[in-house]
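Here the structure comes first, spelled out in C-alpha cells, and everything after it is commentary.
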Amino acid sequence: MYTQKKMSEKLRIFGIFAAVPVFVFLSVVIIPFLLGLYMTVTESTGTNISTEFVGLKNYVDAFKDSGFWDSIILTFKYTFWSLILTNLIAFILALMVTSGFKGQNFFRMGFFTPNLIGGVILGFIWQFIFSRILVFAGESFGIPIFEGSWLSDPKMALWALVIVGVWQNSGYMMLLYIAGLTGIPKSLIEAASLDGANNWQILSKIKLPMMVPSFTISIFLTLQRGFMVYDTNLSLTKGGPYRSTELISMHVYNDAFLYQNYGTGQAKAIILFVIVATIALTQVAIMKRKEVEA
C-alpha cells in the first residue's frame, strides 16, 4: 500500500514537471511537422487547411525545380567548408586554452563570445565589415582581394558566409573539445612522456583517439547548423548576388512564403529534413563505431 502511494506521488510530481515541456514539444515540433506533412499531399494555400488531395504532385514539382537543386548543392559546399574549418579551428583553440598558460580562461570567454551574438545582428555587423572596412583597407593599402566588396561578387559571397559561420561557431565547438581534452586522464599523458613520447605522438596516439566522442557531437552540431542556417544568410547577403548565396533554408522559405507555393515549399522542407536526418544519422553511426574501436 505504501509502495503504491509512493509510486503514485512520484508519477504526479513527474506529470507536473513534464506536462509543460511535453505540451510545448507537441505544439511547436510534432503537430506542425505532421501538419506540414499533410500539406505536402494537398493543394494548400497556406491560409487554410485544404482537403483537396493531390498525391505526390508537390514532391514531383519540387524535384523538377532546378533552383531547389542549385540551393542543395550550394548548401553542401557551405556545410563542407564550414565543417572542416570550424572543427579544425575549434580544436586548435581548445589545445591552446588547455595548455596551461596564464589567462587562458579569459581567452576561452573571448573565443566563445561570438556564439552569443544573434545571427541577424552578426550578419549586419559583418556586412559592414565586408562592405566598408575591408574595402577601405583594400583601397588604402592596395590589397586587390579587398578592393571590392565580397558581398557583391557571386564568386566570393559564399566565402563571406563561410567566414561568418566559422567565426560564430568555432567558440562553441571549442568548449566541446575542451571538455574532451580535460576528460583525458593526466596519468596517461604523464606515462607517455616518461616513455619518451613527444607532443605529436601524445596528440595522435592518446588525445585524438580519446576525443572521438567530442568529434561525434561537434561534427553533428556543425552539420545541423550548416544545413539549417537562415538568419545569417538573410541579414548578410539575402541570397544574393543573383541568388549565388541562397542556401536551402532560404530557398524553402522564399518558395513557400514569398512566392506562395506552400505545397511545393513544404515538400521541399520535408525533402530537406530527410536529407539532413540521413546524413546526421550516418555520421553518428560511423563515429560511434570509431568510438568503440578507439
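The values are calculated or read from the model by the stated rules, or taken from the named source; none is laboratory data. Note that this is a predicted model, so its numbers are computed, not measured. Here the Cβ is made from the backbone with ideal geometry for all residues, glycine too, and neighbour counts use every protein chain on show. What goes into the accessible areas is simple: the full protein's heavy atoms, side chains included, and nothing from ligands, DNA or RNA. Shrake-Rupley method; radii C 1.70, N 1.55, O 1.52, S 1.80 Å.
If you average the sequence gap of Cα pairs under 8 Å that are 6 or more apart and divide by the length of segment 47-150, what percent do you get for the contact order?
It rounds to 11 percent for segment 47-150.
Assigning unit charges at the beta carbon (Lys, Arg +1; Asp, Glu -1) and nothing else, what dipole magnitude in debye, to the nearest 20, does the chain show about its Cα centre?
It works out to roughly 960 debye.
What residues have an amide H closer than 5 Å to that of Thr42, excluding those fewer than 5 places away on the same chain, when H is modeled at 1.01 Å from N in the peptide plane?
The answer is Val54.
Per q in 0.07, 0.10, 0.11, 0.15 Å⁻¹, report the Debye log10 I(q)/I(0) for the chain, using one uniform scatterer on each alpha carbon and no solvent.
Calculated log10 I(q)/I(0) at the listed q: -0.40, -0.76, -0.88, -1.21.
Residue-wise, which Karplus ³J(HN,Hα) couplings in Hz belong to segment 146-153, taking 6.51 cos²θ - 1.76 cosθ + 1.60, θ = phi - 60°, and x for glycine or proline?
Values per residue, Gly and Pro as x: 10, 5, x, 5, 5, 6, 9, 10 Hz.
For Met39, what is the net charge nearby, where nearby means another residue's Cβ is under 15 Å from its Cβ and Lys, Arg count +1, Asp, Glu -1?
Once positives and negatives cancel, what remains is -2.
Charges on Cβ only, +1 for Lys and Arg, -1 for Asp and Glu, centred on the Cα centroid of the chain; of Leu83, Thr264, Gly103, which one is farthest towards the dipole's positive end?
Gly103
Need the C-alpha centroid separation for segment 110-158 versus segment 207-245, integer Å.
The two parts, judged by their Cα centres, are 18 Å apart.
Which aspartates and glutamates does Lys64 reach when only Cα atoms under 19 Å apart count, and residues fewer than 8 places away in its own chain are ignored?
Glu43, Glu246, Asp255
So what are the ³J(HN,Hα) numbers for segment 125-132, from phi and the Karplus equation (6.51, -1.76, 1.60; θ = phi - 60°), rounded to whole Hz, Gly and Pro as x?
In residue order, the calculated couplings are 4, 6, 5, 5, 5, 6, 8, 10 Hz.
Which value in deg cm²/dmol, rounded to the nearest 500, describes the helix-derived mean residue ellipticity at 222 nm for the chain, given -39,500 (n - 2.57) per DSSP H run of n ≥ 4 and division by the residue count?
-22000 deg cm²/dmol
Give me the accessible area per residue for the chain, probe 1.4 Å, as a whole number in Å².
59
Quantify, in whole percent, the carbon and sulfur part of the accessible surface of the chain (1.4 Å probe; protein heavy atoms only).
70
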